[in-house]
Structures are given as structure tokens and as C-alpha cells.
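Have a look at the structure below, then the notes.
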Amino acid sequence: MFNPNNVVRNNIRNLKPYSSARDEFKGEANIFLDANENSLGSPLLKWYNRYPDPMQWKIKQKLSVIKQVPVDQIFLGNGSDEPIDLLFRCFCEPGVDEVIVFPPTYGMYEVSANINNVHLSKVPLTKEFQLDLEALESAIKPHSKIIWICSPNNPSGNSIDRQDIEMVLNNFDGLVVVDEAYINFSRQKSLVTDLADYPNLVVLQTLSKAWGLAGLRVGMAFASSEIIGYLNKVKPPYNISEPVQELALKALDEIGQVNDMILQLVDARKQLELDFVKSPQVVKVYPSDANFLLVEFTQARAMYDYLVGKGIVVRDRSNVLLCDNCLRITVGTDAENLKLVDAINSFQ
């Protein structure tokens with residue numbers, strides 16, 4: 001049976017975390033003189049003179065109901081990038097341990113590995129953008145600590161085969177992190193529902209995509225209470241600000257509207273795909289379970305420059321493995337999508 005205590009770094013296991021004033025106080029009070037805050041408040045925003053809840057309990061309680069996950073199995077970070085970084089810092093010994101990624105994939109895994117001086121082993125996806133399990137088996141070494149899987153994958157947009165992910169979970173002694181930033185747009189069920197079956201599973205999600213709150217920077221990690229406990233040990237005391245917590249709480253009350261937006265974006269994605277395949281400039285549109293499409297063009301770079309000239313910015317992925325001549329295009333509003341399609345069709 002996987003035990004995170006056997007994988008975590010020794011110094012993190014023994015770490016005594018910083019204890020903030022609000023961590024130490026439990027209960028109700030009217031006068032707070034414990035945290036050296038400015039009791040007179042700010043001239044502009046008097047109600048933000050107090051430190052926020054360091055553990056974001058109200059948000060986690062709402063998420064617990066929405067995701068059907070116990071509160072102590074939820075971590076909130078400053079975007080998903082914070083839990084990504086903390087997983088390296090908690091479980092990978094710099095200069096000793098290594099992690100495995102499957103390019104093409106989200107670039108922050110490699111950036112965080114380099115920042116934390118952790119060796120990164122690359123096992124390319126197949127031409128169908130699926131896991132190569134045989135190559136993965138050969139890549140796993142005694143010091144392999146984390147396997148990073150992005151599903152739906154960025155930049156390809158497809159979901160990774162669930163049985164393949166389960167195969168990895170069942171046969172790897174380290175952490176398996178499944179980044180589900182785009183899961184709300186997918187036909188595949190979230191792995192959050194399987195946390196009890198896989199003690200080595202960490203699932204990342206975000207309020208940036210389907211919830212439309214990229215500017216708030218709220219990422220979520222779901223894992224065993226032991227893994228979440230280590231992340232809480234290492235995180236900064238007040239990593240989610242008070243206004244962000246307030247806005248996130250309000251947003252979580254709007255599940256119905258969010259679901260309506262998801263359906264609208266998926267329909268728009270399907271329409272974009274139909275429009276793209278009609279264009280002589282398009283070679284292929286890859287299947288997507290996200291809010292974007294990976295599109296192969298006859299001249300991707302020329303098309304990118306042409307669109308920029310029209311005031312339309314997409315993402316050139318031509319220099320990424322398996323994405324030759326490809327642009328990654330986010331689904332926009334109906335008006336934006338119409339202008340995009342017209343611009344592509346006017347390219348000479």
C-alpha cells in the first residue's frame with residue numbers, strides 16, 4: 001500500500017510549519033489584537049485591514065459539497081501553479097529525485113522541475129496523443145517520485161485514456177498527478193471520485209477555465225489528507241487573499257450558470273471545428289475535450305502573423321513536439337469566433 005510518508009522529503013516530514021495568529025485562534029471573537037494588523041483600517045478599503053482565513057475553510061466547505069470530497073482532502077493555491085510547485089518541494093529531493101512528463105504537455109511542470117533542481121524525464125505521447133505505457137515503464141527509475149498527466153491535455157485538447165491512467169496509478173510507487181484544468185469541458189469523468197481507491201493520486205483543478213475566473217488565480221488540489229497536510233505545511237500562511245476568497249465564494253453559488261456556459265462553449269467549439277474543416281488553409285482539426293482546438297494549418301506561422309495583423313491572437317504551437325504547423329485556438333464569443341473564421345478564410 002502506498003504511503004506518502006515514505007515518499008515525502010525527510011526535512012518536510014519533520015518540518016514544523018509557521019503558525020499564524022489566525023491558525024492558533026479557534027472560536028468567535030469581536031476584538032482581534034493578535035496579528036499586528038492596522039486596527040484603523042485602510043483609507044480606501046477599511047474592511048481589508050484583517051488577514052484572510054489562512055486555510056480558506058468556507059471555500060473548502062462549499063467545494064466539499066460540490067466535489068463530494070472531504071474538506072481535509074482539498075488544497076487551495078494561488079492558481080494551479082502553486083500546488084504544482086509545492087508538490088516538487090514536498091516530495092522531490094533537489095539534485096536527487098526525478099519526475100516524468102508526457103510532451104506535448106503543460107509547460108509549467110518542466111519550469112517547476114528546473115526551479116527546484118529536479119531532473120525531468122520526457123516520455124512523448126503517441127501520435128494519437130495518448131500515453132506510451134511501454135516507454136513509461138522503461139523510464140521509471142528508483143528515484144522517480146512524480147508522474148505528471150494532463151487530461152484533457154494541453155495543447156492537444158484530448159482526454160487521456162482512463163484505463164491507461166489507472167494502469168499507471170496501480171503500478172507506480174510514487175505520486176501520480178492528474179491535471180484536470182479542462183475537465184468540465186470533457187466527456188470523461190473526473191478522477192476526483194476515485195481518490196479513495198488510489199492513495200497516490202493527486203488531482204489538480206482550477207476556477208480559471210470553466211468557472212471563468214482566470215484573473216482570481218484559484219487552483220485546487222484533491223488528494224489524501226496526508227498529502228494535503230504536507231502541502232499545507234509548506235504553503236505561505238496567507239496564500240489566498242480576502243477579496244479573492246470572497247469572490248470565489250460567490251462564484252461557487254452559481255453552478256447553474258457555469259454549467260450553462262460550459263454547454264455554450266462546447267457548442268461553440270463544435271461549430272468552430274465544422275467551420276475550420278471547410279477552410280483550404282486547414283489540414284486537420286484534432287479532437288478536443290477542452291475549451292480550445294489544436295488546428296494544423298498549411299502555413300501555421302504565416303497564418304499566426306496574418307491573424308495578429310487582424311488583431312486576433314492565437315497560440316503558435318509549431319515548435320512543440322507532435323504539433324508541427326499547429327495553432328492552438330481558444331473558443332471565443334460568437335462574435336469573436338465569427339471574426340476569426342472570416343479572417344482565416346480571407347488568408348491568401
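Bear in mind that the values in this text are calculations on the coordinates, not laboratory data. Given the structure is predicted, the values throughout are model-derived calculations rather than measurements. As a convention, Cβ positions derive from the backbone with ideal geometry for all residues, glycine included, and neighbour counts pool all protein chains shown.
Kindly state, to the nearest 0.05, the FRET efficiency for Val96 paired with Gln299, given R0 = 41 Å and r defined as their beta-carbon distance.
On the way: r = 45 Å, r/R0 = 1.11.
E(calc), rounded to 0.05, equals 0.35.
Taking the Cα centre of the range 256-345 as origin, work out the dipole magnitude from +1 charges on Lys and Arg Cβ and -1 charges on Asp and Glu Cβ, in debye rounded to 20.
Working: 10 positive and 12 negative charges, 45 e Å.
Around 220 debye, computed over the range 256-345.
Could you grab the relative contact order for the chain? Cα pairs under 8 Å, six or more apart, rounded to a whole percent. Don't jump to the answer; show the numbers that get you there.
Numbers: 585 pairs, mean separation 61.5, N = 348.
Relative contact order for the chain comes out at 18 percent.
Report, in whole Å, the centroid distance computed from the Cα atoms of the range 176-231 and the range 295-348.
Between the Cα centre of the range 176-231 and that of the range 295-348, the gap is 30 Å.
Taking the Cα centre of the chain as origin, sum charge times position over the Cβ atoms of Lys and Arg (+1) and Asp and Glu (-1), and report the length of that vector in debye to the nearest 20. Display every interim value, and only then the final one.
On the way: 34 positive and 43 negative charges, 101 e Å.
Value, rounded to 20: 480 debye.
When the distances between all Cα atoms of the range 108-246 are binned every 10 Å from zero, what whole-number percent does each bin get?
Spelled out bin by bin, the range 108-246 gives 10, 38, 39, 12, 1 percent.
With labels modelled as points extended 7 Å from the Cα through the Cβ direction, what inter-label distance (nm, one decimal) is found for Asn36 paired with Ala214?
3.8
For the chain, with a Gaussian network of springs between Cα atoms less than 10 Å apart, report the residue from Ile74, Ile149, Ile140 with the top mean-square fluctuation.
In this elastic network of the chain, the residue with the biggest mean-square fluctuation among Ile74, Ile149, Ile140 is Ile140.
How far is it, in nm, from the label point at Gln257 to the one at Arg13 when both lie 7 Å from their Cα along the line to the Cβ?
4.8
Which Cys residues of the chain have no other Cys beta carbon under 4.7 Å away?
Cys90, Cys92, Cys150
For the chain, what does the alpha-carbon gyration tensor say about shape, rounded, prolate or oblate, given a ≥ b ≥ c as the root eigenvalues, a/c under 1.5 as rounded, and a/b over b/c as prolate? Intermediate results must be reported in sequence, preceding the final value.
Details: a/c = 2.08, a/b = 1.33, b/c = 1.57.
Oblate.
Picking from Val96, Val285, Val118, which is most flexible by a Gaussian network model of the chain using Cα springs under 10 Å?
Val96
Residue separation times 0.36 nm, minus the C-alpha to C-alpha distance between Gln348 and Leu321: what's the value? Walk me through the numbers before you get to the answer.
On the way: separation 27, 0.36 × 27 = 9.72 nm, distance 2.72 nm.
Full extension from Gln348 to Leu321 adds 7.0 nm.
Using a 7 Å offset from Cα along Cα-Cβ at Ser20, what residues in the range 221-264 end up with backbone N under 15 Å from the label point?
Hits in the range 221-264 for Ser20 at 15 Å: 232-246.
In percent, what relative contact order does the range 285-348 have, based on Cα pairs under 8 Å that are 6 or more apart in sequence?
Numbers: 83 pairs, mean separation 21.3, N = 64.
Relative CO of the range 285-348 lands at 33 percent.
How far is the Cα center of the range 32-82 from the Cα center of the range 237-294, in Å?
26
Could you check the simple spin-label distance between Gln271 and Glu128, using points 7 Å along Cα→Cβ, in nm with one decimal?
3.2
Only bridges whose two residues both fall in the chain count here: according to DSSP, what percent of them are antiparallel, nearest 5? Intermediate results must be reported in sequence, preceding the final value.
Numbers: 19 of 36 bridges.
Just about 55 percent of them are antiparallel.
Run through all the Cα pairs of the range 256-345 and give the fraction in each 10 Å bin from 0, expressed as whole percent.
17, 52, 25, 5, 0
Compute a Gaussian network model of the chain, connecting alpha carbons closer than 10 Å, and tell me which residue from Asn30, Asn170, Asn319 fluctuates the most.
Per the Cα network of the chain with a 10 Å cutoff, Asn30 tops the list.
At 222 nm, what value in deg cm²/dmol follows for the chain if DSSP H runs of at least 4 each add -39500 (n - 2.57) and the sum is divided by all its residues, to the nearest 500? Walk me through the numbers on the way to the answer.
Values: 12 runs with 120 residues, N = 348.
For the chain, the value works out to -10000 deg cm²/dmol.
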